[in-house]
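*Asks:* Quick one: the structure is below, and I'll ask about it shortly.
The values are calculated or read from the model by the stated rules, or taken from the named source; none is laboratory data. No experiment lies behind these values; they were computed from the predicted model shown. Heads up, the Cβs are rebuilt from the backbone with ideal geometry, glycines too, and the neighbour counts pull from every protein chain shown. Surface accessibility is based on the protein's heavy atoms, side chains included, excluding ligands, DNA and RNA. Shrake-Rupley method; radii C 1.70, N 1.55, O 1.52, S 1.80 Å.
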Amino acid sequence: MKIAVIIPTYNEAESIGSLIYSLENELGMIPKHDFQILVVDANSPDGTAKVVEDLKNSYKNIELLAEPRRGLGIAYISGMNHAIFKLNADAILEFDGDFQHDPQDIKHLVAELDNGYDYIIGSRYVPGGEIPQEWSWHKKFLSKYGSLFIRKVLNLPTRDNTSGFKLSRVKFAQNLPLHEDKILSRLHAYKIHLLYEMIKMGAKTKEVPIKFLERSGGSSKSTVLDIFESLKVVSVLKFRSLFKS
Ligand SMILES: Nc1nc2c(ncn2[C@@H]2O[C@H](COP(=O)(O)OP(=O)(O)OP(=O)(O)O)[C@@H](O)[C@H]2O)c(=O)[nH]1
Ligand SMILES: [Mg+2]
């Protein structure tokens, strides 16, 4: 299968080089599949794109999309459309560019794709999953109970409902609302919308435990606005579900 690893970046020059080295190393140990790395960079002023361009000389499977900064959701949508319609990928992996996702976990997600699952979520909230010890109590609280809130309100079977580490089979992903006028959030909360739609479509879903790492460099782009956006997305989806039934 052709699997596109989509990596959005904004000012990740400190981590993107070592991340790509580590990814190439890990992906090389999964010879069964053909991996393409697709970096979607928001014209980062810190030179992230230059690091990626230089690595293209050493590896043939790297592609760079450079776009204005329009939010994490829009970056992923543009990467997904490129992967599905230009690269003809069979599966797409959402993977952050700040090294908070461990490349060593990818093989466990891919193994479940091989086992027939359509949607595999790298999960912090199933046994074996972890969040960084260093996080403040309120960040831990918000992450854990935010996921629980989403699960209860939207009747989802999943435990980690804000994970950004996911493998989706294109057979399902191609039917997602991958358009800026259809997605309910252009920011981090796009994840909740796409998760809801994948499950609604009947994608066979599996959560695989991951160890979510602390940032080693750069800074978070997540703001308090993401909390409000998440509440908005959950409310709209709930309202739609009530209205339709
Ligand atoms: N292309 C693009 N990438 C973005 C944008 N916003 C964030 N990113 C990247 O998306 C990835 C995830 O963003 P983060 O800010 O780390 O979000 P997070 O991991 O949910 O939050 P933290 O746990 O606080 O780090 C990182 O690689 C960012 O550089 C954007 O608007 N455009
Ligand atoms: Mg992060």
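*Asks:* Any residue in the range 57-73 that's closer than 17 Å to ILE183 by Cβ: show its pairings with residues that are surrounded by fewer than 18 Cβ atoms within 10 Å (Cβ to Cβ) and among the charged types (D, E, K, R) at Cβ separation under 6 Å, as long as the two are six or more apart or on different chains.
*Replies:* Note: pairs meeting the criteria are GLY71/ARG186; GLY73/ARG186.
*Asks:* Being under 16 Å from LYS206 (Cα atoms) and not in a strand (DSSP E or B) narrows it down to one residue among ARG69, ARG151; which is it? Full working, then the answer.
*Replies:* On the way: ARG69 fails: under 16 Å from LYS206 (Cα atoms).
Going through ARG69, ARG151 in turn, just one is under 16 Å from LYS206 (Cα atoms) and not in a strand (DSSP E or B): ARG151.
*Asks:* Quick check, is LEU27 of a type outside the set (Phe, Trp, Tyr), over 22 Å from LEU187 (Cα atoms) and surrounded by 20 or more Cβ atoms within 10 Å (Cβ to Cβ)? Please lay out each step first, then the result.
*Replies:* Values: of a type outside the set (Phe, Trp, Tyr): yes; over 22 Å from LEU187 (Cα atoms): yes; surrounded by 20 or more Cβ atoms within 10 Å (Cβ to Cβ): yes.
For LEU27, the condition - of a type outside the set (Phe, Trp, Tyr), over 22 Å from LEU187 (Cα atoms) and surrounded by 20 or more Cβ atoms within 10 Å (Cβ to Cβ) - is met.
*Asks:* Run ASN11 past the list (1) more than 14 Å from ligand 1 (Cβ to nearest atom); (2) open to solvent by 10 Å² or more (accessible area, probe 1.4 Å); (3) touching a residue at least 60 places away in the same chain (Cβ under 8 Å) and report the number of the one that doesn't hold.
*Replies:* (1)
*Asks:* Does LYS238 satisfy the criteria of being within 29 Å of GLY116 (Cβ to Cβ) and basic (Lys, Arg)? Walk me through it before giving the result.
*Replies:* Working: within 29 Å of GLY116 (Cβ to Cβ): no; basic (Lys, Arg): yes.
When the stated conditions are applied, LYS238 does not pass them.
*Asks:* May I ask you to verify whether PHE95 is touching an Asp or Glu at 6+ places or on another chain (Cβ under 9 Å) and in contact (Cβ under 8 Å) with a residue 24 or more places away in the chain? Before the answer, list the steps.
*Replies:* Numbers: touching an Asp or Glu at 6+ places or on another chain (Cβ under 9 Å): no; in contact (Cβ under 8 Å) with a residue 24 or more places away in the chain: yes.
Criteria not met by PHE95.
*Asks:* Going residue by residue through the range 180-200, is there one that turns out to be within 14 Å of TYR119 (Cα to Cα) and part of a loop (DSSP other than H, G, I, E, B)?
*Replies:* Scanning the range 180-200, I find no residue that is within 14 Å of TYR119 (Cα to Cα) and part of a loop (DSSP other than H, G, I, E, B), so the answer is no.
*Asks:* Output the number of the condition that ASP105 fails; it satisfies all remaining conditions of (1) in contact with a Gly (Cβ under 8 Å, 6 or more places away or on another chain); (2) of a type in the set (Asp, Glu); (3) closer than 14 Å to GLN36 by Cα.
*Replies:* Answer for ASP105: the failing condition is (3).
*Asks:* Separate question: Could you say which residue among PHE149, PHE165, PHE172 is surrounded by 15 or more Cβ atoms within 10 Å (Cβ to Cβ) and either free of Cβ contacts under 8 Å to residues at least 12 places away in the same chain or over 18 Å from the mean Cα position of the chain (by Cα) (or both)?
*Replies:* Exactly one of PHE149, PHE165, PHE172 is surrounded by 15 or more Cβ atoms within 10 Å (Cβ to Cβ) and either free of Cβ contacts under 8 Å to residues at least 12 places away in the same chain or over 18 Å from the mean Cα position of the chain (by Cα) (or both), namely PHE149.
*Asks:* Residues of the range 90-134 being small (Gly, Ala, Ser), open to solvent by less than 10 Å² (accessible area, probe 1.4 Å) and not in a strand (DSSP E or B), which ones? Even if it seems obvious, please write down each step before you answer.
*Replies:* Step one: of the range 90-134, the residues small (Gly, Ala, Ser) are 91, 97, 111, 116, 122-123, 128-129.
Narrowing the set further to residues that are open to solvent by less than 10 Å² (accessible area, probe 1.4 Å) leaves 91, 97, 122-123.
Selection gives GLY97 alone.
*Asks:* Might you check whether a residue that is at positive phi and at pLDDT 95 or above occurs anywhere in the range 142-156? Working first, answer last.
*Replies:* Step one: of the range 142-156, the residues at positive phi are 155.
Now restrict to residues that are at pLDDT 95 or above: 155.
So far as the range 142-156 goes, yes, one or more of its residues are at positive phi and at pLDDT 95 or above.
*Asks:* If you don't mind, another one. Return a yes/no flag: does the range 222-234 have any residue that is open to solvent by less than 50 Å² (accessible area, probe 1.4 Å) and away from ligand 1 (no atom under 16 Å from the Cβ). Talk me through it step by step, then tell me what you get.
*Replies:* Start the filter on the range 222-234 by keeping residues that are open to solvent by less than 50 Å² (accessible area, probe 1.4 Å), which leaves 226, 229-230, 233-234.
Next cut, away from ligand 1 (no atom under 16 Å from the Cβ) only: 234.
The answer is yes; a qualifying residue exists.
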